[in-house]
1. Just from its helices, what would the mean residue ellipticity at 222 nm be for the chain, if runs of 4 or more DSSP H residues each count -39500 (n - 2.57) and the sum is divided by every residue, rounded to the nearest 500 deg cm²/dmol?
2. May I ask you to derive the FRET efficiency for ILE247 and ALA267 from their Cβ-Cβ distance with R0 = 22 Å, giving the value to the nearest 0.05?
3. Rank-order 45-51, 154-160, 268-274 by packing density, defined as the average count of other C-beta atoms within 10 Å over each peptide's residues, highest first.
4. About the Cα centre of the chain, how large is the charge dipole given +1 on each Lys and Arg Cβ and -1 on each Asp and Glu Cβ? Please answer in debye to the nearest 20.
5. Among ASP250, ASP58, ASP278, whose mean-square fluctuation peaks in a Gaussian network model of the chain (Cα, cutoff 10 Å)?
6. For a test of understanding, tell me how many lysine pairs in the chain have Cα atoms under 25 Å apart, given they are 8 or more places apart or on different chains.
7. Using 7 Å Cα-to-Cβ label points, what is the ARG257/GLU230 separation (nm, one decimal)?
8. Quick one: pull the percent of accessible area on the chain belonging to carbon and sulfur, 1.4 Å probe, ligands and nucleic acids left out.
Amino acid sequence: MFDWRMLLESAVGDGRYRMLRNKKTCERGHQKYAEQFKKTQAPRNILLCCPAYNNIGDHAIAYAERRLLAKTGRPLLSFSGNMTELLSCLHEFVTPEDIIFLQGGGNMGYLYRWEEQYRCDIISLLHRNRIILFPQTISYDDSPESRCFLKHTQTVYNRHRDLHLFARERTSFARMKQYYPHNDVRLTPDIVLSIDDQDTADFNQRSGILLCMRNDVEKVTSNATQERIERAATSTGERITYTDTTITDDSAISAERGEHLVLDKFAEFRKARLVITDRLHGMIFSAITGTPCIALNNSNGKVGMEYFWLQDLPYITFAEDVDALESLLPDMMNIADTHYPAEYFMRKFDSLTDLLS
């Protein structure tokens, strides 16, 4: 498959190409964002590609990133939404001393192509800056479209000489090393595991089982299997409640509202006796709140891959299938004390924090 547009983007630079093709969008963004840049002095931390959509897990990632960057003492600018609107301001106001950070998560690949395109635009435009990609999962399939787009990202990424890519599990680490051999690739857990102040619940106050299950393109659990999980949970005698790490509101979500959603979800998890989930951040929220959890996989396997970091926590376990879940359930219901070792996990991010100074 050959794409003339991507060939032109590679020749001109993705960011410059997008600015030329979207002049009105860039002008509108300049009016919206210029004052934020003018009011802060370099060197700054500039966090880009933050979520404005309804995924609480991604808002938790942004929340953890902002907390981590605040510790550097540099001014922080954080932006979400359509990154094309921001390109003119980035081109005009960013100095070589500014450090650029790109949102972590699980959207490297063709499935969420526009998120990856935003990154290509920014990386190509800010070639003088240190750019750090917070921990990500990468997944490209074998379709011609996906292979073509991957090749384009390789051109963009490998041209940048101060680009640092963080994978949040070993499979993505190996893929990034293979795909982007000219970039610095490192391995850390998901950045939400750097949150150190949520394990505060009294176990005597916990009750009920939370079922936090996917209902989107990454879902692999059939309706019949989900019904079987619900029957197994009900058999414990505990009250069963469904929850999710997404909300149904499709309006743009600000950073402030996103933070409230995240902290409310943490509080919900801290009240539960047990969580059963096929959501990656369902498992991670359980870990940082000290909540017993049985995790199942999703379509791209990222839950199981991230479990590598949590396998030594006695209150977090992974079930390959519903048979394994049923056998694990009695022991998990008997856990009466937990502790999240925040300092231990913070050391896992040393290779990231070393780049922040």
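1. On the way: 15 runs with 162 residues, N = 357.
It comes out at -13500 deg cm²/dmol, rounded to the nearest 500.
2. Values: r = 15 Å, r/R0 = 0.69.
After rounding, the FRET efficiency stands at 0.90.
3. Going from most to least packed, we get 45-51, 268-274, 154-160.
4. On the way: 43 positive and 49 negative charges, 283 e Å.
Dipole size: approximately 1360 debye.
5. ASP250
6. 19
7. 2.9 nm
8. 48 percent
The values are calculated or read from the model by the stated rules, or taken from the named source; none is laboratory data. As the structure is a computational prediction, the values presented were derived from the model and not from experiment. Here the Cβ is made from the backbone with ideal geometry for all residues, glycine too, and neighbour counts use every protein chain on show. We work out accessible area using only protein heavy atoms, side chains counted, and drop any ligands, DNA or RNA first. Shrake-Rupley method; radii C 1.70, N 1.55, O 1.52, S 1.80 Å.
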